[in-house]
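Undergrad: Take this structure first; my questions come after.
The values are calculated or read from the model by the stated rules, or taken from the named source; none is laboratory data. Quantities reported herein were computed from a predicted structural model and do not represent experimental measurements. All Cβ positions, glycine included, derive from the backbone under ideal geometry; neighbour counts span all protein chains shown. Keep in mind that these areas ignore ligands, DNA and RNA; they rest on the heavy atoms of the full protein, side chains included. Shrake-Rupley method; radii C 1.70, N 1.55, O 1.52, S 1.80 Å.
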Amino acid sequence: MENIVIGISEGSKYFNYESWFKDEPGVEIIKLSYQLNNFNDVERCDGIILSGGNDINPRLYNQPDFLVYVNPKDIDEKRDEFEWGIIKYTEENQKPLLGICRGLQLVNVYFGGSLVPDIPAFGKFNHGKFKDGQDRNHLVDIDPNSTLYKIIGEEKGEVNSAHHQSVDMPGFDLVVNALSPDGIIEGMERREPAGKSFLMLIQWHPERMNNMESIFAKNIKQNFIDTVRQTIQ
């Protein structure tokens, strides 16, 4: 079995992502963070996970007026810049990337897409945590023609939810692969993946689902590990 190195961007819940992989044989984890000033460590990574966390500055998708819909204290422009560079590196060096929650949103913006800065304010049901801090849960529909469907193996299922921002306009060369019942984009992937590096983007949090044996958690992790191993062979 090939040993692999997976880089995980640091967010407020970084420990959950690290714990998700801690018992996987042959997997080394590197924390990637501007606070560690270790961007060069991305060169050691065979695959990258962009984690959840901070709101993304609306200026990145040319909507500065949307700043009124976000908490200024929740924006971290240094993190935006650091992870933007990571995405650029993965694209230029054909590295597999899994974007989770904020990770999905930032990749979408990188590809020229835009975001809904606050879902309830823009007329959709609340997808954020409950007041007691617990994740919500809701159904998602998976496009049966998508790569995500090949990973999950089901067209419908339940996922957790803890976000108040979401994708509005998908970025260039990205296609939606999952939707919530109220029309929020819950997943994206490359429109034309042939000849390009693996890119999977999901809005839910597989690293901390109540049921870690759910195919929406277990299959996502195993597929990413297998894909990373295949790329270094």
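Undergrad: Scan the range 154-195 residue by residue and report those that are among the small types (G, A, S), in a loop (DSSP other than H, G, I, E, B), in contact (Cβ under 8 Å) with a residue 40 or more places away in the chain and surrounded by fewer than 17 Cβ atoms within 10 Å (Cβ to Cβ).
TA: The answer is G183, and nothing else.
To keep it simple, each residue is scored yes or no on (1) under 22 Å from G171 (Cβ atoms); (2) touching a residue at least 40 places away in the same chain (Cβ under 8 Å).
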position: E18; (1), (2): no, no
position: K22; (1), (2): no, no
position: Y34; (1), (2): no, yes
position: R44; (1), (2): no, no
position: I48; (1), (2): yes, yes
position: I56; (1), (2): yes, yes
position: Y61; (1), (2): yes, yes
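Undergrad: Only residues that are farther than 21 Å from Y69 by Cα, open to solvent by 20 Å² or more (accessible area, probe 1.4 Å) and not acidic (D, E): list them for the range 86-118, please.
TA: Within the range 86-118, K88, Y89, N93, Q94, K95, F111 qualify.
Undergrad: Ok, one more. Between K150, K221, which is open to solvent by 10 Å² or more (accessible area, probe 1.4 Å), within 25 Å of E10 (Cβ to Cβ), not polar (S, T, N, Q) and not in a loop (DSSP other than H, G, I, E, B)?
TA: Only one candidate passes the filter, namely K221.
Undergrad: Which members of the range 125-147 meet the condition of being in a strand (DSSP E or B), more than 17 Å from the chain's Cα centre (by Cα) and among the hydrophobic types (A, V, I, L, M, F, W, C)?
TA: Matches in the range 125-147: L139 only.
Undergrad: If you don't mind, another one. Just name the residue that is most open to solvent (accessible area, probe 1.4 Å) out of those in the range 26-54 that are acidic (D, E) and outside any loop (DSSP other than H, G, I, E, B).
TA: Checked the range 26-54; the qualifying residue most open to solvent (accessible area, probe 1.4 Å) is E43.
Undergrad: Please work out which one of (1) of a type outside the set (S, T, N, Q); (2) touching a strand residue (DSSP E or B) at 6+ places or on another chain (Cβ under 7 Å); (3) open to solvent by 40 Å² or more (accessible area, probe 1.4 Å) is the condition A121 fails and give its number.
TA: A121 satisfies every listed condition except (2).
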